[in-house]
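The values are calculated or read from the model by the stated rules, or taken from the named source; none is laboratory data. Quick caveat: nothing in here was measured; it's all calculated off a predicted structure. Because the Cβ atoms are built from the backbone with ideal geometry, glycine has one as well, and the counts that use them run over all protein chains shown.
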């Protein structure tokens, strides 16, 4: 087992799939669209904490305010003064293509055949490099960012269809990968979901207006009525004439929602595929108990994302559930390096054990996933130091053996623990007395995807579209433009 001192400055790398991004689009006759977008982004903050932004339109022009940091750090009251109008789109970002820099903060604003266009995206375009060259050759486009979102924005801004629906469909014919898009011109709001539905997007109604968002929890926070999820390949256009919708006819009919939305990404109070995420996670824990039972005294979860699964495991197994770890919910990014005497704190910066609860107990520890295996050994060690008699690790996702190219930062194959070690080697590496992963079959039985409907490529290697194995999140990186 690695010690905490093996990691510089005691910073244990995050051992979950990194969040994707969150998007929101607002059309309201009350003229407070940017403020609604702000509170919607606040509800979607869990999907990305690197940067955020809002674009607003008032019928004459589009104005964008975006910066690095959390939503509440970026926006103050004066920032809303120029963000006026009855339409707004917003974005909170974790970088999946393009580095974490201000130039990649979204929404991005571009000019094209139809005037200004602001666009934000959740997903990853796997043929972005080729499309970028095409835009440079055919339209002499220049790029101010290193993200594939700008590729989508410029494609849509230069699309030649007669209507926005036709222009989006024109883009869909060329885009390969995952995307849920919100965009706006000076007088039109556009939302679109990729033909496989890999990334989520839903629709709601509020006070005579409309809201689209990555998750239904954003609608709840705004007091909006949840209507439905967008269909794969569906495009929604909202303007002064109301809402209209169309679905691209070139889709295969296959659905491939990222199954990690239900395992980890989405908030537990969101609805996806018609299911409350919290309930799905409880069922995953119950299925895990059926597949990997063990004699133990207590079930605990790794807070907060595994709590529902741990409760489900406890209910199915009959073993009592209790909190065993307390999470510091205010741990965030820091640029301050601790002194040498503090470098061994490691995972204690994030978790603290309830010693009186777990001392002398045989524990079942439920987690949602193990990616690189960088945090799990420290959690196991922390529990043993707190007096746990046995630690049985149970994971409510199958072993992650393949990287993701669809908008999730899942690490390379060389970094994935399950791609390079056997089950017993992983158990020894993390220091657990036993280890059990949920099977792919068990996962699909719970989520209702036995006959398809979900992307499980990180477990099986069966990607929903052909991918380039050498693709990386920095594949569009270029020399930054001169500030002169």
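When residue 405 is tested against (1) over 20 Å from residue 379 (Cα atoms); (2) touching a helix residue (DSSP H, G or I) at 6+ places or on another chain (Cβ under 6 Å); (3) buried (at least 22 other Cβ atoms within 10 Å of the Cβ), only condition (2) is not met. The residue list 106, 116 contains one member that is touching a strand residue (DSSP E or B) at 6+ places or on another chain (Cβ under 6 Å) and part of a strand (DSSP E or B), which is 116.
This table checks each residue for (1) under 16 Å from residue 105 (Cα atoms); (2) assigned to a loop (DSSP other than H, G, I, E, B); (3) modelled with pLDDT of 95 or more.
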{"residue": "26", "(1), (2), (3)": "no, no, yes"}
{"residue": "30", "(1), (2), (3)": "no, yes, no"}
{"residue": "34", "(1), (2), (3)": "no, no, yes"}
{"residue": "49", "(1), (2), (3)": "yes, yes, no"}
{"residue": "52", "(1), (2), (3)": "yes, no, yes"}
{"residue": "55", "(1), (2), (3)": "yes, no, yes"}
{"residue": "60", "(1), (2), (3)": "no, yes, no"}
{"residue": "63", "(1), (2), (3)": "yes, no, yes"}
{"residue": "73", "(1), (2), (3)": "yes, no, no"}
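Tell me yes or no: at least one residue of region 428-440 is within 25 Å of the chain's Cα centre (by Cα), modelled with pLDDT under 95 and crowded, with 21+ Cβ neighbours inside 10 Å. There is no residue in region 428-440 that is within 25 Å of the chain's Cα centre (by Cα), modelled with pLDDT under 95 and crowded, with 21+ Cβ neighbours inside 10 Å.
Close contacts from region 427-450, counting a first residue that is free of Cβ contacts under 8 Å to residues at least 40 places away in the same chain and a second that is crowded, with 18+ Cβ neighbours inside 10 Å and outside any helix (DSSP H, G or I), with Cβ to Cβ under 6 Å and a gap of 6+ residues or different chains, come to 427/435. Going by the conditions given, is residue 205 free of Cβ contacts under 8 Å to residues at least 60 places away in the same chain, within 17 Å of residue 242 (Cα to Cα) and surrounded by fewer than 24 Cβ atoms within 10 Å (Cβ to Cβ)? For residue 205, the condition - free of Cβ contacts under 8 Å to residues at least 60 places away in the same chain, within 17 Å of residue 242 (Cα to Cα) and surrounded by fewer than 24 Cβ atoms within 10 Å (Cβ to Cβ) - is met. Among the residues making up region 119-160, those that are touching a helix residue (DSSP H, G or I) at 6+ places or on another chain (Cβ under 6 Å), closer than 24 Å to residue 198 by Cβ and either free of Cβ contacts under 8 Å to residues at least 40 places away in the same chain or not in a loop (DSSP other than H, G, I, E, B) (or both) are 119, 121, 125, 128, 131, 132, 135, 148, 151, 154, 155, 156.
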